1. Looking at GLU384, GLU355, GLU380, can you tell me which residue is within 19 Å of GLY329 (Cα to Cα) and modelled with pLDDT under 95?
2. Of all the strands (runs of 3 or more DSSP E) wholly in the stretch 339-428, which have at least 2 residues that are farther than 23 Å from GLU476 by Cα and charged (D, E, K, R)?
3. Six or more apart or on different chains, Cβ under 7 Å: which pairs go from a residue in the stretch 261-286 that's under 12 Å from ALA230 (Cα atoms) to one that's open to solvent by less than 50 Å² (accessible area, probe 1.4 Å) and of a type in the set (Phe, Trp, Tyr)? Could you list them?
4. Give me a count of the residues in the stretch 253-293 that are outside any strand (DSSP E or B), open to solvent by less than 50 Å² (accessible area, probe 1.4 Å), touching a Cys at 6+ places or on another chain (Cβ under 8 Å) and on the phi < 0 side of the Ramachandran plot.
5. Could you grab me the full set of residues in the stretch 301-322 that are open to solvent by 30 Å² or more (accessible area, probe 1.4 Å), over 15 Å from PHE245 (Cα atoms) and part of a loop (DSSP other than H, G, I, E, B)?
6. For GLY366, state whether it is of a type outside the set (D, E, K, R) and touching a Phe, Trp or Tyr at 6+ places or on another chain (Cβ under 7 Å).
7. Mind telling me which of the residues LEU292, LEU315 ends up being of a type in the set (A, V, I, L, M, F, W, C), without any contact (Cβ under 8 Å) to a residue 12 or more places away in the chain, farther than 30 Å from PHE54 by Cβ and out of contact with any Phe, Trp or Tyr (no Cβ under 7 Å at 6 or more places or on another chain)?
Amino acid sequence: MISDLPELRLWRCVVTTVLLCGCGDPSPPVERAEGRALAAIACVRCHALPSPGFLPSEEWPYLLAWMGSYLGQPSEIELHPVLVNTNLVPAQPLFTRAQFDAIRRYFLDESAIQYRQPEPAVKPPVSPLFDPLPFDLRVPVISMVAIDSTDQTLLVGSSNPPGLLVLRRGRTTSIEVPSEPVSYERVGSARRLALLGHLAYDAREGRVFDFDLGREVQTVLVDGHPRIVAHRTADLDGDGSNDLFVCGFGEFPAGRGGIWWGGTTPLEEQVLFTEPGAVWGDAADLDEDEDLDVIVAFANTRPSLEVFVNEGDRLFVRRTLVERSPGWGYNRGAVCDWDGDGRLDLVEVAGNNLELRGRPIKGNHGVRVMRNEGGWKFSEVLFEPLPGAMDVAVGDFDGNGRVDLALTAFYPDWRSPSPTTFLLLLQKSDGVVERSGMDDSYWNRWMRVAAGDADGDGDTDLLLGAAKVSMAIPEEHASHYQTLLEGKASVLLLRNRTVP
């Protein structure tokens, strides 16, 4: 997650969303209104009514056959065997066949009218800021990359099999781990690592531990956690001891996120939420009251950015900052002062596109900057489309004092001869954002990105990790994809040429 790596089960939490869709002649307005009304009854049990224009008409049959299973209507389409959670299938149909057909006609007919496929984006020019340095680590799936700027250490987490490689001063150290590394922090002299637990399902085996390279000692802090996607160490209650926020994706119907309070052995957890689908979390002072709030992106039934407001005395009050439509596709997020006004803004990344067979281009996919206006109001000041956007790293890459963004895209627009899987957004001194990318000779299916000073020269470098897998590649593009992968390294360091 790895927000996107447990995605095979991401939409199954959308219980009773829309219904089965099919083919046929466009229905008259009266029937369409009936179908819309029936769909609203089914959908609002879990989330807002999806717009038919969110997907092309050829994609609705598969998606709604899946969701129709949860209404007691067996699928007439062969579905992936892990999609349908049989525990959620009702013993008796919740809607008659006639009602079911009315709803599917509504979605199919309206989608044919409303959906507009975005035009292919213009390929970004090659950035002159970085010198690419590939690493031939012969690992097909990179689950995590990190740059530890304190001692210029590179950390690479892998999957299948899981492992952790530490690249430091010309030496590579391999550390055995039971599952995929997903997030990393430097906490004083300790290196803190979170493990996903299991790639494909929630085995309740997420773990956070500290390790020391010199002594090869591991100290487990949290174990047996629902699939972990992020963690953050900070003093959240102001008592002088570091606390640990752990964010778990989990699996329907339960996930978990909470604060493990420092100063006790073992650490004691205060649970903040127990629902599934959290794909990213962090801690930051969003309301400028000099304590840290907790921010979480949820990607399941009701995609949203949520904040757990720190009211003091370990009291956290939940507040919704941004609500999105079903299937939005949240993957990651970030906190930064985008416009330099002293308030912390939010960056959201949407691009999940795993479950649908055709991998349709969705107009909402990309990166957004939500400006903090104060008083818990956030407004969108930047949207950069990027099909299949997956991860984001924040930093001042060109040294002009303004925040820039580096992005990866795991489900790109395969219509392009060289699909954009890495995008750099440089914010100029006047706030204008310029797009750039990398040379095609370094192309890969980039999934992870991290920023930091990898060589000790004072500027901000980037580290990229790829997943060289055939998963979610449209059949008609499979051969071209294999051609693009030939001879490509799974890890790439982009060394910054900027002089501080």
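1. GLU355
2. Fully inside the stretch 339-428 and qualifying: 345-350, 366-374, 377-385.
3. Filtered contacts from the stretch 261-286: ALA278/PHE249; ALA278/PHE298; VAL279/PHE249; VAL279/TYR330; GLY281/PHE245; ALA283/PHE245.
4. 1
5. The answer is THR301, ARG302, GLU311, ASP313.
6. Criteria met by GLY366.
7. LEU315
Residues are listed down the side, and each one gets a yes or a no for (1) farther than 18 Å from ARG448 by Cβ; (2) open to solvent by less than 10 Å² (accessible area, probe 1.4 Å); (3) touching a Lys or Arg at 6+ places or on another chain (Cβ under 9 Å):
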{"residue": "GLU176", "(1), (2), (3)": "yes, no, no"}
{"residue": "VAL187", "(1), (2), (3)": "yes, no, no"}
{"residue": "LEU193", "(1), (2), (3)": "no, yes, yes"}
{"residue": "ARG215", "(1), (2), (3)": "yes, no, no"}
{"residue": "GLY224", "(1), (2), (3)": "yes, no, yes"}
{"residue": "ALA230", "(1), (2), (3)": "no, yes, yes"}
{"residue": "GLY250", "(1), (2), (3)": "yes, yes, yes"}
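The values are calculated or read from the model by the stated rules, or taken from the named source; none is laboratory data. None of these values were measured; they are calculated from a predicted model. In this analysis, Cβ positions are derived from the backbone assuming ideal geometry, glycine residues included, and neighbour counts consider all displayed protein chains. Protein only, heavy atoms only, side chains kept; ligands, DNA and RNA dropped before computing areas. Shrake-Rupley method; radii C 1.70, N 1.55, O 1.52, S 1.80 Å.
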